[in-house]
Amino acid sequence: MPRFAANLTMMFTEVPFLDRFEPAAKAGFEAVEFLFPYDHPASEIKQRLDDHGLSLVLHNLPAGDWAGGDRGIACDPDRVDEFHQGVARAVEYAKVLGVPQLNCLAGKKTSASPELMRDTLIDNLGYAADELKKVGLRLLTEPINHFDIAGFYLTGTAQALELLDEVGADNAFVQYDIYHMQRMEGELASTIEKNLARIGHIQLADNPGRNEPGTGEIAYPYLFAHLDRLGYDGWIGCEYKPATTTEAGLGWFKSLARPSSNLGPQ
């Protein structure tokens, strides 16, 4: 069965961020991920990881003014210097936190020409890949559906792979979010199988609603078994919004030890 990492940006939000590590560990998770660590000193986060025996498997590069509506700045030709500074900051956090990979959000389209946005994104991905490789880190970039984030630049698996072909970095991979790709393109099992060697990390949520597995249309029992057959040995980030409370929605996770489970609504 795949290994699951609790996403602490979206799960266990009943308590403040630094207090979410403990309930994640108590629930049985051995690893966590989150969008951004930058509101807290890296040393404080590292202490929480160590205190509760958790590994950190992913966080994002700085993505601009998130509260102000930014969803990444990597395709913005007017913010290249800011992007470079963000890469340096992320690397410093990664060194402390021991995370093996960082995700780059492309961002929303700007008023620049499509050609300039694409060239900027390729250049920024190349720069980030080079900087991360110096310290042994992998770079990820993630397609996101345009229903949740209108105008997001990178919205499909093939588009992401084409960009990474242009980048040409051997430490750059796709972050494949099952929820986002169900909304944009479907064909989940075949897309994962075809591109598994180029997928560095997988995330999940059900659709509609972006809630926990078993609440929507995605056949998670099949996908989990499929990933086992394919030999996927990475983590799956649980980047979903609990339908009620986090604890109440963990039936899917706890039931994986029971072969009779059908991951029905919890």
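Specify which of the listed residues (Glu247, Glu142, Glu239, Glu212) is of a type in the set (Asp, Glu), closer than 25 Å to Lys26 by Cα and within 15 Å of the chain's Cα centre (by Cα).
Glu239 is the lone residue from the list that is of a type in the set (Asp, Glu), closer than 25 Å to Lys26 by Cα and within 15 Å of the chain's Cα centre (by Cα).
Can you find, within segment 237-266, the residue that is modelled with the lowest pLDDT among those that are within 23 Å of Val15 (Cα to Cα), in contact with a helix residue (DSSP H, G or I) (Cβ under 8 Å, 6 or more places away or on another chain) and of a type outside the set (Phe, Trp, Tyr)?
It comes out as Gln266.
Confirm whether Leu54 is within 13 Å of the chain's Cα centre (by Cα), without any contact (Cβ under 8 Å) to a residue 60 or more places away in the chain and on the phi < 0 side of the Ramachandran plot.
no
Among the residues that make up segment 160-176, is at least one of them charged (D, E, K, R), modelled with pLDDT of 95 or more and in contact with a strand residue (DSSP E or B) (Cβ under 8 Å, 6 or more places away or on another chain)?
Taking segment 160-176 first, the residues charged (D, E, K, R) are 162, 165-166, 170.
Still in the running and modelled with pLDDT of 95 or more: 162, 165-166, 170.
When the remaining residues are screened for being in contact with a strand residue (DSSP E or B) (Cβ under 8 Å, 6 or more places away or on another chain), the result is none.
No, segment 160-176 contains no residue that is charged (D, E, K, R), modelled with pLDDT of 95 or more and in contact with a strand residue (DSSP E or B) (Cβ under 8 Å, 6 or more places away or on another chain).
Please go through segment 112-162 and pick out each residue that is small (Gly, Ala, Ser) and part of a helix (DSSP H, G or I).
Residues satisfying the conditions are Gly126, Ala128, Ala129, Ala158, Ala160.
Taking Arg229 as the residue in question, decide whether it is of a type in the set (Lys, Arg) and either under 16 Å from the mean Cα position of the chain (by Cα) or surrounded by 19 or more Cβ atoms within 10 Å (Cβ to Cβ) (or both).
When the stated conditions are applied, Arg229 does not pass them.
Please verify whether Leu102 is in contact (Cβ under 8 Å) with a residue 40 or more places away in the chain and assigned to a strand (DSSP E or B), treating the condition exactly as stated.
Details: in contact (Cβ under 8 Å) with a residue 40 or more places away in the chain: yes; assigned to a strand (DSSP E or B): yes.
It is true that Leu102 is in contact (Cβ under 8 Å) with a residue 40 or more places away in the chain and assigned to a strand (DSSP E or B).
The values are calculated or read from the model by the stated rules, or taken from the named source; none is laboratory data. The structure presented is a predicted model; accordingly, all values stated were derived computationally and were not measured. Note: ideal-geometry Cβ built from the backbone for every residue, glycine included; neighbour counts use all protein chains shown.
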